[in-house]
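Each remark here refers to the structure printed beneath this line.
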Amino acid sequence: MVNGRNKGASFEREVGKLLEAELGISFKRDLEQYRAADHGDLLADDPDFPFVIECKRYANGTVCKQAWWEQAQKAANAVGKIPCVIYKYDRRDIRCVVEFTALYTAFGSKCVSDHQAEMTLEAFCYITREIMNT
């Protein structure tokens, strides 16, 4: 039997290392997530990092669950950042979900949208770099 909390914590550390390798920004787990509501899972050492990240790791599934997205939105709204869910199911690649607003922001446009875009981790890092360079 797999301990879900350990599996989640391990995935958070893995995502932090992958993001650091791609973005050159250090990430640490936000341990406040266990004590208080409306916290993301990872904290960037760069205050200009535009996202609140919610990490999810499960055995079975195919898409981002609505409850995960709502959790990320609530945490992002609390600190004025953009919500992001990074998730992985067994035997599948890591996927990232952000709101369309992030895509528009990355390329210099203004937009408010309730829709989400799903992408690879590499595409998420590209979008992040574009937002941070504007």
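The values are calculated or read from the model by the stated rules, or taken from the named source; none is laboratory data. All values derive from a computational prediction rather than experimental measurement. Methodologically, a virtual Cβ is constructed for each residue, glycine included, from the backbone with ideal geometry; neighbour enumeration extends over all protein chains shown. Accessible surface areas use protein heavy atoms only, side chains included; no ligands, DNA or RNA. Shrake-Rupley method; radii C 1.70, N 1.55, O 1.52, S 1.80 Å.
What does the accessible area per residue of segment 1-124 come to in Å², with a 1.4 Å probe and no ligands, DNA or RNA counted?
Details: 7170 Å² over 124 residues.
That works out to 58 Å² per residue.
In whole percent, how big is the carbon plus sulfur part of the accessible area of segment 68-121, probe 1.4 Å, protein atoms only?
With neighbouring chains kept in place, the figure for segment 68-121 is 48 percent.
Report the charge-dipole magnitude of the chain in Debye, nearest 20, computed about the Cα centre from +1 at each Lys and Arg Cβ and -1 at each Asp and Glu Cβ. Display every interim value, and only then the final one.
Details: 18 positive and 20 negative charges, 100 e Å.
I would put it at about 480 debye.
Give me the net charge of Glu20's neighbourhood, meaning all other residues with Cβ under 15 Å from the Cβ of Glu20; Lys, Arg count +1, Asp, Glu -1.
-2
Comparing Ala72, Ala59, Ala44, which has the greatest mean-square fluctuation in the GNM of the chain with Cα pairs linked when under 10 Å apart?
Ala59
Calculate one ³J(HN,Hα) per residue across segment 95-105 by plugging θ = phi - 60° into the Karplus curve 6.51 cos²θ - 1.76 cosθ + 1.60, and present them in order as whole Hz with x for glycine and proline.
Residue by residue, segment 95-105 yields 10, 10, 10, 10, 7, 3, 3, 5, 5, 5, 4 Hz.
Looking at the chain as a GNM with Cα springs under 10 Å, which of Ile86, Ile53, Ile94 has the largest mean-square fluctuation?
Ile94
Under 5 Å between amide H atoms, partner at least 5 residues away or on a different chain: which partners does Leu42 have, H built in plane at 1.01 Å?
When sequence neighbours closer than 5 places are left aside, the close amide H contacts are Asp30, Ile53.
Just how much of Val79 is accessible, in Å², when a 1.4 Å probe is used and the result is rounded to the nearest 10?
Roughly 90 Å² of Val79 is accessible to a 1.4 Å probe.
Which whole-Hz ³J(HN,Hα) couplings does segment 123-134 yield from phi under the Karplus relation 6.51 cos²θ - 1.76 cosθ + 1.60, θ = phi - 60°, glycine and proline marked x?
5, 4, 5, 4, 4, 4, 4, 5, 5, 5, 8, 8
Along each principal axis of its Cα atoms, how long is the chain end to end? Whole angstroms, biggest number first, please.
48, 29, 28
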